[in-house]
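The values are calculated or read from the model by the stated rules, or taken from the named source; none is laboratory data. This structure is a prediction, so every number in the text was calculated from the model and none was measured. Positions of Cβ are generated from backbone atoms using ideal geometry, with glycine treated the same way; all protein chains shown enter the neighbour counts.
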Amino acid sequence: MFSEGVLFKELFKGFIVLRWNDKLRPIELIEMDKHAHKMMIAWVIGKYEEKKGKKVDWHNIIRGGVFELLRRIVLRDIKNPIYFRIQKEFKDIYRKLNQWVYDYFTQKISNSILLEELKAYLIEEDLLDEFSSKILASAHKYSSYLEFLLIKQINPTGFEIQDIERSMYNDIYQYLDLEGIQKLVTRQKVADFIELCGQLRFQIRWSQTPRIPRTSVLGHSMFVATATYFFARDNNACPQRIYNNFFGGLFHDLPETLTRDIISPVKTSSEDFQRLIWELEQQLAEKHIYPLIEDEWIDELRYFTLDEFTNKIKIDGKITPDLGVEEINQKYNEDYFEPYDGELIRAADQMAAFLEAKTSIDYGVKSSDLSTAVEDIPKRYCKSIGQVDFRRIYEQLESNDN
């Protein structure tokens, strides 16, 4: 099984890895948030390349994003400029670092296929095709630049800030042959879409509940996307299903840029209120989100954000909802049907809430809301969904063993 409790515990550590922590920051900049924004940017860049007729290997894009996040979680104490200098100038040391990361995960992960892929990514460096690596690298550079813009205004001007900015310009300009990067740096409408996505880092989940660590909706989206990716692998998902599940998880909370994150007890307190919020989110999305992307992408983004927790497929372009995951496994696990496992995205969303609550309690910050989540969520998931054994996963998550 790809889905292991210890893997999700390691993934959750991305919420405690700070970025730019030697600079003044208007907010904490977190590794998990950065990777969420990076993958949203990679989606935009990849879509533009597809529009030009190029073949994009989306599974490689996803694997590269997920595996790089895992690497950065382990190597969290190395400052980025130092990391990139080691990568470029001290290749023997860089290989040893990657071997150390791989060895670390061999003690944590039991799935042999996942370990083989991690080895190919970290050590052999032949997992990804060159084009996928280029898309991911350009998305990484641009997302880092957007973080830099947040801190630039409050840090003392001087040679260091100027050098960082100059270096970032040079890094981004290497990718100007990518249409998506061209449109972002020239401030076309899609740049506003990416900045709108980035605003999810300002929205803190459980905002009225003291909690450690405080997690943003943006980082939460990356956790959900990554967990759903592993769930999809357990279900032997076809390529389009892997794509839909990952990016469905990544964008599932996008309408909250317009309504803010509303905690589940409030949102579900009344069916009428829940329906009203849903309708307002969709009205505002039609007005403020969809006009910022290319027309041919709108239906796909709607597929990700409308009824985001509903299993669905498409037959001749028409959506068929409310299928079971196992039914999709048996009958519709083909690219043609564009399968989407909303039930698994919901399960990942709930697992994120469980880990947010449990981690805070483990750190000594406890409340009735957190205690209720830790008690109730595993009870709802004493079952399997498709081939994902959630009873086993929660037994591992509840254990304090690493």
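Below is a table of values for the structure above.
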item	result
Residues (surrounded by 18 or more Cβ atoms within 10 Å (Cβ to Cβ), of a type outside the set (Lys, Arg) and within 18 Å of residue 217 (Cβ to Cβ)) located in region 18-40	29, 30, 31, 32, 33, 35, 36, 37, 39, 40
Cβ pairs under 8 Å, 6+ apart, first in region 278-298 and over 19 Å from residue 42 (Cβ atoms) and part of a helix (DSSP H, G or I), second at pLDDT below 90 and among the β-branched types (Val, Ile, Thr)	280/259; 281/259; 284/259
Filter result (hydrophobic (A, V, I, L, M, F, W, C) and part of a loop (DSSP other than H, G, I, E, B)) within region 304-323	306, 309, 323
Matching residues in region 43-54 - criterion: being touching a residue at least 12 places away in the same chain (Cβ under 8 Å), out of contact with any Ser or Thr (no Cβ under 8 Å at 6 or more places or on another chain) and either assigned to a helix (DSSP H, G or I) or surrounded by 18 or more Cβ atoms within 10 Å (Cβ to Cβ) (or both)	43, 44, 46, 47, 48, 49, 51
Inter-residue pairs, beta-carbon under 7 Å, first assigned to a loop (DSSP other than H, G, I, E, B) and of a type in the set (Phe, Trp, Tyr) and in region 345-372, second surrounded by fewer than 22 Cβ atoms within 10 Å (Cβ to Cβ) and at pLDDT 95 or above, 6+ apart	363/212
Region 324-340, subset in contact with a strand residue (DSSP E or B) (Cβ under 8 Å, 6 or more places away or on another chain) and in a loop (DSSP other than H, G, I, E, B), residue nearest to residue 299 (Cα to Cα)	338
Single condition residue 170 does not satisfy, out of (1) in contact (Cβ under 8 Å) with a residue 40 or more places away in the chain; (2) over 19 Å from residue 40 (Cα atoms); (3) not hydroxyl-bearing (Ser, Thr, Tyr)	(1)
Selected residue (only one of 108, 141, 189, 152 is within 27 Å of residue 53 (Cβ to Cβ) and surrounded by 12 or more Cβ atoms within 10 Å (Cβ to Cβ))	141
Pairs, first among the charged types (D, E, K, R) in region 132-158, second in a helix (DSSP H, G or I), C-beta under 6 Å, six or more apart	141/171; 141/172
Odd one out for residue 200, checked against (1) surrounded by 15 or more Cβ atoms within 10 Å (Cβ to Cβ); (2) free of Cβ contacts under 8 Å to residues at least 24 places away in the same chain; (3) within 28 Å of residue 48 (Cα to Cα)	(2)
Hey, residue 359 surrounded by fewer than 22 Cβ atoms within 10 Å (Cβ to Cβ), over 30 Å from residue 302 (Cβ atoms) and out of contact with any Gly (no Cβ under 9 Å at 6 or more places or on another chain) or not	yes
Region 13-23, residues that are out of contact with any Pro (no Cβ under 9 Å at 6 or more places or on another chain) and either in contact (Cβ under 8 Å) with a residue 12 or more places away in the chain or not in a loop (DSSP other than H, G, I, E, B) (or both)	13, 14, 17, 18, 19, 20, 22, 23
Where a residue in region 113-131 is within 20 Å of residue 233 (Cβ to Cβ) and part of a helix (DSSP H, G or I) and its partner, wherever it lies, is at pLDDT 95 or above and among the small types (Gly, Ala, Ser), with Cβ under 9 Å and at least six apart	121/64
Long-range neighbours under 8 Å by Cβ, at least six apart or interchain, first residue more than 12 Å from residue 3 (Cβ to Cβ) within region 380-402, second among the acidic types (Asp, Glu)	400/362
Unmet criterion (only one of (1) farther than 17 Å from residue 117 by Cα; (2) basic (Lys, Arg); (3) under 19 Å from the mean Cα position of the chain (by Cα)) for residue 79	(3)
Hey, residue 60 buried (at least 16 other Cβ atoms within 10 Å of the Cβ), touching a Leu at 6+ places or on another chain (Cβ under 8 Å), over 29 Å from residue 293 (Cβ atoms) and of a type in the set (S, T, N, Q) or not	no
Test: residue in region 139-157 that is outside any helix (DSSP H, G or I) and of a type in the set (D, E, K, R)	no
Filtered residues of region 334-364 (kept if within 19 Å of residue 249 (Cβ to Cβ) and among the aliphatic types (A, V, I, L, M))	344, 345, 347, 348, 351, 352, 353, 355
Any hit, region 270-287, residues being modelled with pLDDT under 90, touching a Phe, Trp or Tyr at 6+ places or on another chain (Cβ under 8 Å), surrounded by 12 or more Cβ atoms within 10 Å (Cβ to Cβ) and within 30 Å of residue 368 (Cα to Cα)	no
